[in-house]
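Everything on this sheet refers to the single structure shown next.
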Amino acid sequence: LGYALSLGYKRYKLENEQVLKIGEIVHEMIENFLINGTDMKISNLLPPNMISKINMAYENFKVWYYRMISLGYTITIIAVEYVVTCEWFGGTIDCIMNISRGDYSRTFIVDFKTSKDIYPEYILQTFGYRWAYLLSSSINIDGIGIIRVDKNKPVVEDIFLDYNIPEHCSVLLDIENSFYHMINWYYQKQQLKFVINKTKKEQKGSPIFYEQ
């Protein structure tokens, strides 16, 4: 809030729109690279500072990808931009990928981020995608991953949580518990909204409270 006030509303709104647009284009470029193995051209009509940030984030992803290849891993793309929906929420999975090397083979739901850090809510969000995906798919998903590509400097970082690793499994079970609490809260909220709306309709604007 303090940052927004220091910029002024119009400038803050413009900067926020640019951040969203940068993220959108970077996602498209990464997905094109994973599917086609080519570099997607971006419009030269974009402001130079945006082009610079987009290229930095994209190159950071390629650093991550080729680092994995150099370590002997094979990355197989199962799906990109996969839409999931359920009774409580919906969203779009950035990528479902299999990472393998020798006897090791794991399938992850992965989210790409161009933010300044990997925040806890990203983990919860990606876990939610996995949970919704498994409601309608028989494909085993071993875990979740976040790949953060910085748009201002040559930095890329990732975090992968794998149910097959005991330490990771413990963390994932805690996340699962938090997720179920969130779903329960949402369900209770919807129930309360239903009760409120039903009561208001029945009262037709009259005071709800009256002495028995």
(message) Restricting to segment 72-85, name every residue that is of a type outside the set (Gly, Ala, Ser) and open to solvent by less than 80 Å² (accessible area, probe 1.4 Å).
(response) Tyr73, Thr74, Ile75, Thr76, Ile77, Ile78, Val80, Val84
(request) Could you please tell me which pairs satisfy a Cβ distance under 6 Å, a separation of 6+ or placement on different chains, a first residue in segment 49-76 that is more than 19 Å from Glu17 (Cα to Cα), and a second residue that is of a type in the set (D, E, K, R)? (result) Asn60/Asp150; Gly72/Arg101; Tyr73/Arg101
(request) Hey, can you tell me all the residues within segment 96-116 that are touching a strand residue (DSSP E or B) at 6+ places or on another chain (Cβ under 7 Å) and closer than 16 Å to Val26 by Cβ? (result) Val110, Asp111, Phe112, Lys113, Thr114, Ser115
(request) Output the number of the condition that Ser138 fails; it satisfies all remaining conditions of (1) closer than 18 Å to Cys86 by Cβ; (2) touching a residue at least 24 places away in the same chain (Cβ under 8 Å); (3) not acidic (Asp, Glu). (result) (2)
(message) Tell me the residue from Tyr133, Tyr163, Tyr180 that is at pLDDT 95 or above and either among the small types (Gly, Ala, Ser) or more than 21 Å from Glu31 (Cβ to Cβ) (or both), please.
(response) Tyr163
(message) If I ask for residues that are assigned to a strand (DSSP E or B) and hydrophobic (A, V, I, L, M, F, W, C), which ones from segment 134-183 would you list?
(response) Ile144, Ile146, Ile147, Val149, Val156, Ile159, Phe160, Leu161
(request) Examine segment 117-135 for a residue that is surrounded by 13 or more Cβ atoms within 10 Å (Cβ to Cβ), touching a residue at least 60 places away in the same chain (Cβ under 8 Å) and under 15 Å from Tyr82 (Cα atoms), and state whether such a residue exists. (result) no
(message) Just the residues that are closer than 27 Å to Leu71 by Cβ, assigned to a loop (DSSP other than H, G, I, E, B) and either open to solvent by 20 Å² or more (accessible area, probe 1.4 Å) or not β-branched (Val, Ile, Thr) (or both), please, taken from segment 86-116.
(response) Gly102, Asp103, Ser115, Lys116
(request) Can you tell me which residue among Ile30, Ile51, Ile69, Ile25 is open to solvent by less than 80 Å² (accessible area, probe 1.4 Å), β-branched (Val, Ile, Thr), over 23 Å from the mean Cα position of the chain (by Cα) and at pLDDT 95 or above? (result) Ile69
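The values are calculated or read from the model by the stated rules, or taken from the named source; none is laboratory data. All values reported here derive from a predicted model rather than from experimental measurement. Positions of Cβ are generated from backbone atoms using ideal geometry, with glycine treated the same way; all protein chains shown enter the neighbour counts. To get the accessible areas, we keep the full protein, side chains included, count just its heavy atoms, and leave off ligands, DNA and RNA. Shrake-Rupley method; radii C 1.70, N 1.55, O 1.52, S 1.80 Å.
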